[in-house]
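Let me begin by presenting the structure, written as C-alpha cells, before commenting on it.
The values are calculated or read from the model by the stated rules, or taken from the named source; none is laboratory data. Fair warning: this is a prediction, and the values are worked out from it, not measured in the lab. Counting neighbours? That spans all protein chains shown, and the Cβs are built from the backbone with ideal geometry, glycine included.
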Amino acid sequence: MTPRPEHNSSWELDQLHRDEITVAMNWVIRICQEIIRDYSHKTFWVPTGSPTSTPPTMDHLIESATGVLNKLQRQLNCAETIVSSAEQERAKRQR
C-alpha cells in the first residue's frame, strides 16, 4: 500500500484506495489474459512444453498446471492484500 500522511482527508484516502484496488484488479485481469493467451487453445487449457504429439506424462501435467496456478495465485494474493488493507484502514476511520 502507498504510505499516507495523517493529514489526508477521508475523501482523499477513499480515492487512493479506489485507485489501488482498480490497479490491483487490472493486474488480475491482465494475468488471466496472459494465461489464456499462453496456455490455452480455443479456451481450453493446453499444457506447455510438449513438442511432440504424444500425450503429456502425469509429471508434465502437474508441473504445467502448477505453473499456471502459481502465477494466478500470486496475483490474487496481491490483490486480496490490497483490498484487505483498504478495508482495515476504512474500518479504522469509521470508528
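Please enumerate the residues belonging to region 39-75 that are under 13 Å from Ala24 (Cβ atoms) and surrounded by 13 or more Cβ atoms within 10 Å (Cβ to Cβ). I'd like the intermediate steps shown before the answer.
To start, the set of residues in region 39-75 that are under 13 Å from Ala24 (Cβ atoms) comprises 74-75.
Hit for region 39-75 is Gln75, nothing else.
Test Ser10 against the criterion of being surrounded by 14 or more Cβ atoms within 10 Å (Cβ to Cβ), among the hydroxyl-bearing types (Ser, Thr, Tyr) and in contact with a helix residue (DSSP H, G or I) (Cβ under 9 Å, 6 or more places away or on another chain), and give yes or no. Steps first, answer last, please.
Numbers: surrounded by 14 or more Cβ atoms within 10 Å (Cβ to Cβ): no; among the hydroxyl-bearing types (Ser, Thr, Tyr): yes; in contact with a helix residue (DSSP H, G or I) (Cβ under 9 Å, 6 or more places away or on another chain): yes.
Here the answer is no, as Ser10 does not meet what is asked.
Do we find a residue being at pLDDT below 90 and either surrounded by 13 or more Cβ atoms within 10 Å (Cβ to Cβ) or among the aromatic types (Phe, Trp, Tyr) (or both) anywhere in region 80-90? Write out each step before concluding.
Looking only at region 80-90, we keep the residues that are at pLDDT below 90, and these are 90.
If we keep only those that are either surrounded by 13 or more Cβ atoms within 10 Å (Cβ to Cβ) or among the aromatic types (Phe, Trp, Tyr) (or both) as well, we get 90.
Within region 80-90, one or more residues are at pLDDT below 90 and either surrounded by 13 or more Cβ atoms within 10 Å (Cβ to Cβ) or among the aromatic types (Phe, Trp, Tyr) (or both).
Which residue pairs have Cβ atoms under 8 Å apart, sit 6 or more places apart or on different chains, and have a first residue in region 7-30 that is among the aromatic types (Phe, Trp, Tyr) and a second that is exposed (fewer than 11 other Cβ atoms within 10 Å of the Cβ)?
none
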